[in-house]
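A short write-up of the structure that comes next.
Read the figures in this text as sums done on the coordinates, not as results from a lab. If you're wondering where the values come from, they're calculated on a predicted model, not measured in any experiment. All Cβ positions, glycine included, derive from the backbone under ideal geometry; neighbour counts span all protein chains shown.
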């Protein structure tokens, strides 16, 4: 049986990358009064806020999908 401690380090690295990208996606949406208006007219940390947030969330989802595809569990035979 494969537990979390036995997984290769790539699993943890891809999880950390996904969390980092999602965090950066949320960071772009934080209001910031002295910045330029973004594409929706709000003043946020990133002037391309809706587009950059969607790109970062998409990359985070891709990292999770790639991690799951690389480390999906093999089905057990029915006789075990």
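A few remarks follow.
- Cα-only Debye scattering, region 10-70: base-10 log of I(q)/I(0) at q = 0.15 Å⁻¹: -0.48
- The stretch between residue 29 and residue 66 holds 10.7 nm of extra length on full extension. This uses 0.36 nm per residue minus the Cα-Cα distance.
- Among 34, 52, 12, sorting on how many other beta-carbon atoms sit within 10 Å of each Cβ, with the fewest leading, yields 34, 12, 52.
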